[in-house]
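Visitor: One structure follows; several queries about it will come next.
Values quoted throughout were computed directly from the atomic coordinates according to the rules given, and no laboratory measurement underlies them. Since this is a predicted model, take the numbers as computed values, not measurements. Backbone-built Cβ (ideal geometry, glycine too); neighbour counts: all protein chains shown.
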């Protein structure tokens, strides 16, 4: 577990990583996943990962965590999804232009944006593809970068893309998201 001093020390490098484009706090931009395409029911999102790269064995565990997060969000299971977040998680909301601090606030915003996206999709179908996720572990922290793509289905599908980075912290034997940021841009409609 990280002590409070170390958590504070992480904030400075995290600010620098913001400039690189962290994952936005949209439920639909949480790495839809990782190792393989997942489609358990017709109502669930399609999750695909293209060319994942783990820097080491522990990095693969971080990528696997992203996959589990995606499966939970695709099912709308926010209780399970929240298990993958550190209590002090932060993110910058690209719509409200505010820093969100703490698991409760971050999950509430993710849920709100998820529900908005599902309502906006004609068929309530959304698919995620993560291109070239790369995870680099540094002791008890990890940085993940990737390009995320979401397609909101229906007669007139709309495609969004985000260049994302996440910071994870290892708590016990589990990796939890400590910070994320990104910016979704419409790439086709």
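Visitor: Where the Cα atoms of the range 115-179 are projected onto their three principal axes, how long is each span, largest first, in whole Å?
Guide: That gives 47, 22, 15 Å along the principal axes, largest extent first.
Visitor: How many nm separate the modelled label positions at residue 171 and residue 185, each set 7 Å beyond the Cα in the direction of the Cβ?
Guide: Placing both labels 7 Å beyond Cα along the Cβ direction yields 3.4 nm.
Visitor: Ranking 121, 162 by Cβ neighbours within 10 Å, fewest first, what do you get?
Guide: 121, 162
Visitor: What number, in percent, do you get for the relative contact order of the range 113-189 if the mean sequence gap of Cα pairs under 8 Å and at least 6 apart is divided by its residue count?
Guide: 25
Visitor: Taking neighbour Cβ counts within 10 Å as the exposure measure, how do 78, 92 sort from fewest upward?
Guide: 78, 92
Visitor: Going by how many other Cβ atoms sit within 10 Å of their own, how do 130, 107 line up, fewest first?
Guide: 107, 130
Visitor: So how far apart, in nm, are the two label points at residue 116 and residue 80 if each is 7 Å from Cα heading toward Cβ?
Guide: Rounded to a tenth, the inter-label distance reads 2.6 nm.
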